[in-house]
Amino acid sequence: MAFFGLFPEKTTVDFGFSIGVACAATQSLRAAGLQTFSYPFDWLVGMGMLQRAQMIADKDFAGGFMERAEDLTALGQTNQSPGHLCDIYRNRVNQIQFNHDFPAAVPLAESYPSVREKYLRRGERLKRHLTQSSKILIGLVEAHIDNGQHVSDGECLELLQTMREMFPGKEFYLCHLFRTEGLSYRRRRVENVSASVRKITFDYCSNRADNGVPAPRLRLLSKAFSTYYRRSFEVNLCN
């Protein structure tokens, strides 16, 4: 069901975290005041959304991102990020791709221990915050480059059900931001896929292209989140 409202009632949550697909998800959640801390899926690509949710249930969730350095394959590319140039690696076991973690031109043997430790911290933090909270928002932003692979409504519903089974008694909400080229935010389409899953469709990319790639407009993405969700701050989450 689609609806248009200038002043929709906001859903109050204890905190939000990004499940992917794009890095812009965590950036816009932070800008909207819904995410404060870093979590494991903030800067990763690859691996389906359901696999990511199921990964959280794994007892060795934190270690599953990169169990061994030998599992990582250098793609021979950098992320082309000014001021934070990194070599791109892919985990051949789970297909997770790390674009923003391994400093360029630094041997893997030197950088791997600290990167793995970082993901251990982020994984443990996410599980701790999920346990401490009652109402949680999962942010999902489709990649701004249309590769023809989109997260379906059914996958969103299954992802939410997986999280509820892992953390019974918690209220989970999922906000799915989907790009349709040329559709302004003012004319956005908002659908209640279910009582807990909201899909918002609009064009969140600018006309300016970096290296031929359209750039996501974080101001619009954060506006989409903050229009429909707010953080309560009643739960004191710590690092």
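The values are calculated or read from the model by the stated rules, or taken from the named source; none is laboratory data. The shown structure was predicted, so the numbers you read here are calculated from the model rather than taken from an experiment. Quick reminder, even Gly has a Cβ in these numbers, built from the backbone with ideal geometry, and neighbours come from all protein chains shown.
Annotations for the structure displayed:
- Within region 196-234, the set of residues being β-branched (Val, Ile, Thr) and modelled with pLDDT of 85 or more comprises Val197, Ile200, Thr201, Thr227.
- Residue within region 34-54 that is outside any loop (DSSP other than H, G, I, E, B) and modelled with pLDDT of 90 or more present: yes
- Residue satisfying all of: in region 67-123; touching a strand residue (DSSP E or B) at 6+ places or on another chain (Cβ under 6 Å), aliphatic (A, V, I, L, M) and within 27 Å of Gln35 (Cα to Cα); surrounded by the most Cβ atoms within 10 Å (Cβ to Cβ) among these: Ile96
- Among the residues of region 185-195, not a single one is exposed (fewer than 13 other Cβ atoms within 10 Å of the Cβ), at pLDDT below 95, under 27 Å from Asp58 (Cα atoms) and charged (D, E, K, R).
- Total residues in region 96-123, condition among the acidic types (Asp, Glu) and either under 21 Å from Ala53 (Cβ atoms) or in a loop (DSSP other than H, G, I, E, B) (or both): 0
- If only residues of region 172-189 that are part of a strand (DSSP E or B) and of a type in the set (D, E, K, R) are counted, the one that is farthest from Leu140 (Cα to Cα) is Arg189.
- Region 124-171, subset among the charged types (D, E, K, R) and outside any helix (DSSP H, G or I), residue surrounded by the fewest Cβ atoms within 10 Å (Cβ to Cβ): Asp146
- Applying the criterion of being among the small types (Gly, Ala, Ser) and under 11 Å from the mean Cα position of the chain (by Cα) to the residues of region 126-146, the residue that is modelled with the lowest pLDDT is Ala143.
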